[in-house]
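Scroll down for the structure; my scribbles are underneath it.
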Amino acid sequence: MAFIDLTHTLIDQMKEYPGDPKTRLRKVYDEDCVLYELETGLHTGTHMDAPLHYIKKGFTIDLIDLNNFIGKAKVIHESEQVINPTGPLEEIVIINTNWHKNWGSDSYFVDYPYLSMEFTERLIENNVKGIAIDTCSVDKPDEDKIHRKLLKNNIWILENIANSGKLKGKCYKSYFIPLKIEAEASPVRAFVERI
Ligand SMILES: [Zn+2]
């Protein structure tokens, strides 16, 4: 079985969305055993947003049903800045914009592609479980209306996926697995399997 890993590696001092807490990953013990400590915001690297991120009294990520994290995924390759694809969808939608190639540079957080409202409405009409994208946000910089709309409809948002340019086929089974943590978001191990 061949899996494709869509996860960026969490490292010490990695680049963050402007204004987010800094990530610190350091060895605190190194004698008869090794022990690391991680201090990070939950929107660092490849991560999933749960409804509570924008919706008052919305679900925390530990309360999302496990079935929502695994499913048939449609991969959409889109090079426009405003993402508005047509055509059939699957229960999970993965958008490859090739923006992941800018990962690690400051320009990654500037002028990235984002979802159109029209496409967002189509995701809702199609009852998708979630949407994954290789940019730092589904929203235009300094906006949040796409986040609000998706999260209000209990559609999770997975941002900062890696390697999505490697998805040459269109049909995959995706596994986007967050921590069971009582919070508004979580780092995710994201991978897919060709079907
Ligand atoms: Zn986020």
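Amide H to amide H, with H built 1.01 Å from N, ASN96 comes under 5 Å of ILE76, HIS77, GLU78, counting only residues 5 or more places away or on other chains.
Couplings 3J(HN,Hα) of segment 45-55, computed from phi: x, 6, 8, 10, 9, 9, x, 4, 4, 10, 10 Hz, in residue order, whole Hz [Karplus 6.51 cos²θ - 1.76 cosθ + 1.60, θ = phi - 60°; x for Gly and Pro].
Judged by the gyration tensor of its Cα atoms, with axes a ≥ b ≥ c, segment 97-195 is rounded; a/c sits under the 1.5 cut.
Note on the chain: GNM, Cα springs under 10 Å; of VAL75, VAL34, VAL138, the largest mean-square fluctuation is that of VAL34. When only the Cβ of Lys, Arg, Asp and Glu is charged (+1, +1, -1, -1), the dipole of the chain relative to its Cα centre reaches about 600 debye. Beta bridges from DSSP with both residues in segment 1-121: antiparallel share about 45 percent, rounded to the nearest 5. Build a GNM of the chain with springs between Cα atoms under 10 Å apart, and of LEU167, LEU38, LEU123 the one that fluctuates most is LEU38. Residues of segment 42-82 with amide nitrogen under 20 Å from the 7 Å Cα-to-Cβ point of ARG24? It comes to 42-45, nothing else. What net charge is computed for the residues neighbouring ASN163, neighbours being all others with C-beta under 12 Å from the C-beta of ASN163, Lys and Arg scored +1, Asp and Glu -1? Local charge sum for ASN163: +1.
Can you say what percent of the DSSP beta bridges in segment 75-195, counting only those with both residues inside, are antiparallel? Round to 5. Don't skip to the answer; put the middle values down first.
Working: 7 of 19 bridges.
Percent antiparallel among DSSP bridges in segment 75-195 is about 35.
Using the Cβ-Cβ distance between GLU143 and THR86 with R0 set to 25 Å, the FRET efficiency works out to roughly 0.60. Using a Gaussian network model of the chain in which every pair of alpha carbons under 10 angstrom is joined by a spring, one finds that among SER164, SER79, SER105 the greatest mean-square fluctuation is at SER105. Database remark: amide H of ILE181 closer than 5 angstrom to the amide H of ASP62 (H placed geometrically; neighbours at sequence offset of 5 or more, or on other chains; Pro and chain starts carry no H).
Near VAL188, once Lys and Arg are set to +1 and Asp and Glu to -1 for all other residues with Cβ below 11 Å from its Cβ, the sum equals -1.
Read-outs throughout are calculated quantities, based only on the coordinates presented, and are distinct from any laboratory measurement. Quick caveat: nothing in here was measured; it's all calculated off a predicted structure. FYI the Cβ positions are ideal-geometry reconstructions off the backbone, even for glycines, and counts take in every protein chain you see.
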